[in-house]
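A short reminder: the numbers here are calculations on the coordinates, not readings from a lab. None of the values given here were measured: they were computed from a predicted structure. Cβ coordinates were reconstructed from backbone atoms using ideal geometry, including for glycine residues, and neighbour counts include every protein chain displayed.
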Amino acid sequence: MPDVLLYEKEAWASGFLRLAGIDEAGRGPLAGPVVAAALIFDPEYIRNELGSTFEKLTDSKVMTEIRREEYFELLTKSKSVTIGIGIIESEEIDQINILKATHKAMALAASQINPQFALVDGLPVKGLPCESRSIVKGDALSISISAASIIAKVTRDRILVKLDAEYPEYGFASHKGYGTRQHLDALKKHGATPAHRKTFRPVAELNQLDLL
């Protein structure tokens, strides 16, 4: 098992006690926002709780919905955890592209909690309000990034559940905006909603057909 506090310990040893983990959810879907979360653990708290409270905390994508919700509630209610959330809606994603939108969401999330240093999942991110270290597969290697991934994913999933109530024919609550067969069939039948990303295939292709 990897030491999921390894990167945190290195940063703390360098004097960065306000260390944020940053991750995003929703880069690939056809609809809904991209959501990023930045999260700071109190160092003493996470050291003490890692082997018990957070023993099963890992990459949100491999956890069950029930367990994600449990950790979301624990993290958001803890006084030893500081959280920032950045949300970029579909319209802006279409305007500036998904990569820039993702980086902007991460910067917004981080700016809310003023970290001294950040551990970021994936590739380097421009525009963060502090120095950072990018870690490929960081959501499974750093407990701070894992926790941020939980916040980002649950926040986004809840937004898509609300969209489902507004547009029930699309099934947003089940597929969360990803391009499943159910979603693609609904797009062909009903067209795109304001929540859809108009520059993403196959939404863009449907719009082009409408113009013919």
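Things to note:
- Distance (nanometres) between label positions extended 7 Å along Cα→Cβ at Ala204 and Arg181: 2.6
- Here the extension length gained between Thr76 and Glu91 equals 2.6 nm, from 0.36 nm per residue of separation less the Cα-Cα distance.
- Summary of the geometry: region 16-69 and region 155-200, compared by the centres of their Cα atoms, lie 25 Å apart.
- Of all DSSP beta bridges in region 6-207, antiparallel share, percent nearest 5: 60
- Cα-based reach from Lys162 at 20 Å (exclusive), listing aspartates and glutamates while leaving out same-chain residues under 8 positions away: Glu24, Glu65, Glu69, Glu70, Glu73, Glu89, Glu91, Glu92
- For the chain, calculated [θ]222 nm from helices alone, where every DSSP H run of n ≥ 4 adds -39500 (n - 2.57): -14000 deg cm²/dmol
- Contour excess over end-to-end distance, with Cα ends at Gln112 and Leu17 and 0.36 nm allotted per residue: 32.6 nm
- Near Arg197, the amide H atoms lying under 5 Å from its own belong to Ala31, Gly32; only residues 5 or more places off or on other chains count, and H is placed 1.01 Å from N.
- Over the chain, all Cα pairs binned in 10 Å intervals from 0 give whole-percent P(r) values of 9, 35, 32, 17, 7, 1, 0, listed from short to long.
- The gain in end-to-end length when the Lys61 to Glu44 segment is fully stretched comes to 3.4 nm, 0.36 nm per residue minus the alpha carbon separation.
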